[in-house]
Every structure is written in structure tokens, then in C-alpha cells.
Amino acid sequence: MARPHLGMSFPLRGAILGFGNVAEHAHLPVWQRNHHFRIDAVLEPHPDRAKLAKTLLPGARIYSDIESLLAGSDLDFVDVCAPPVFMQISCLRRARPGCTFFVKNLWLLPQKAYT
């Protein structure tokens with residue numbers, strides 16, 4: 001179903017970071033309803049939530065740490081559903097150019113925190 005549009009191919013490949021209730025019941029259903037997006041990876045350190053993510057996304061790779069996810073995935077976007085700011089800073093430090101991050105909570109940091 002890949003289609004070029006403004007230099008992009010669809011579906012866009014994404015990851016969900018943190019697979020809690022908000023990710024499961026709010027974010028994932030939205031991504032799954034739109035054929036322009038596909039969740040290819042999930043970061044979830046808790047085994048029971050990781051197992052649920054694998055059940056709901058059988059084609060996705062499940063990771064327990066951010067370094068493995070970002071090293072092993074060619075992503076177009078990341079949906080950050082985990083609350084700790086240190087995870088968000090870690091993501092920004094390791095983001096590759098062109099990868100868009102969606103963050104569920106608005107947070108502001110000085111630029112030096114993530115550069």
C-alpha cells in the first residue's frame with residue numbers, strides 16, 4: 001500500500017513508547033484505524049504489558065529499552081506514551097533526523113537538556 005506523497009511512503013512506520021492504558025485504549029486504536037500509519041515497534045519494560053502489546057500488534061517488535069528500539073528500527077514517527085521526562089530526553093538525544101515524535105503530555109525543557 002506504499003504511496004509516494006510529498007516525498008513520503010505510506011504507511012508511515014511508527015513506534016509506541018510505553019504501552020500503558022492510554023496507549024492501549026486511546027493511541028493504538030487511532031493508529032490502527034488509519035491506513036497511512038503502522039506501528040512496527042513498542043517499547044515496554046513491564047513483561048505483562050509487553051505481552052499484551054505483542055498480542056494486539058503481532059507484527060510489531062517489542063523492546064524493553066530505548067537504545068535497542070532506536071538502533072533496531074527505521075521509524076518515521078514515535079508516539080511517546082511514557083510519563084517520565086528522562087525517557088523523553090533520552091528519545092530526543094537519540095532521534096534520527098526526520099523522525100517525528102508525538103508526546104502525550106506537554107512538557108518544556110531548555111534546549112541544552114536535549115542537545
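Based on the Cβ-Cβ distance of HIS25 and GLU67, what FRET efficiency does E = 1/(1 + (r/R0)^6) give at R0 = 30 Å, to the nearest 0.05?
0.60
Between LEU56 and SER9, with labels modelled 7 Å along Cα→Cβ, what's the label distance in nm to one decimal, could you check?
2.8
Could you list which residues have their amide H under 5 Å from that of ILE39, counting only those 5 or more apart in sequence or on another chain, with H placed in the peptide plane?
Residues meeting the amide H criterion: GLY14.
Can you compute 3J(HN,Hα) from phi for each residue in the stretch 50-55, using the Karplus curve 6.51 cos²θ - 1.76 cosθ + 1.60 with θ = phi - 60°, rounded to whole Hz and x for Gly and Pro?
Per-residue couplings from phi come out as 5, 5, 5, 4, 5, 5 Hz.
Read the figures in this text as sums done on the coordinates, not as results from a lab. Everything numeric in this text was worked out from a predicted model, so none of it was measured. Cβ atoms come from the backbone with ideal geometry, glycine included; neighbour counts cover every protein chain shown.
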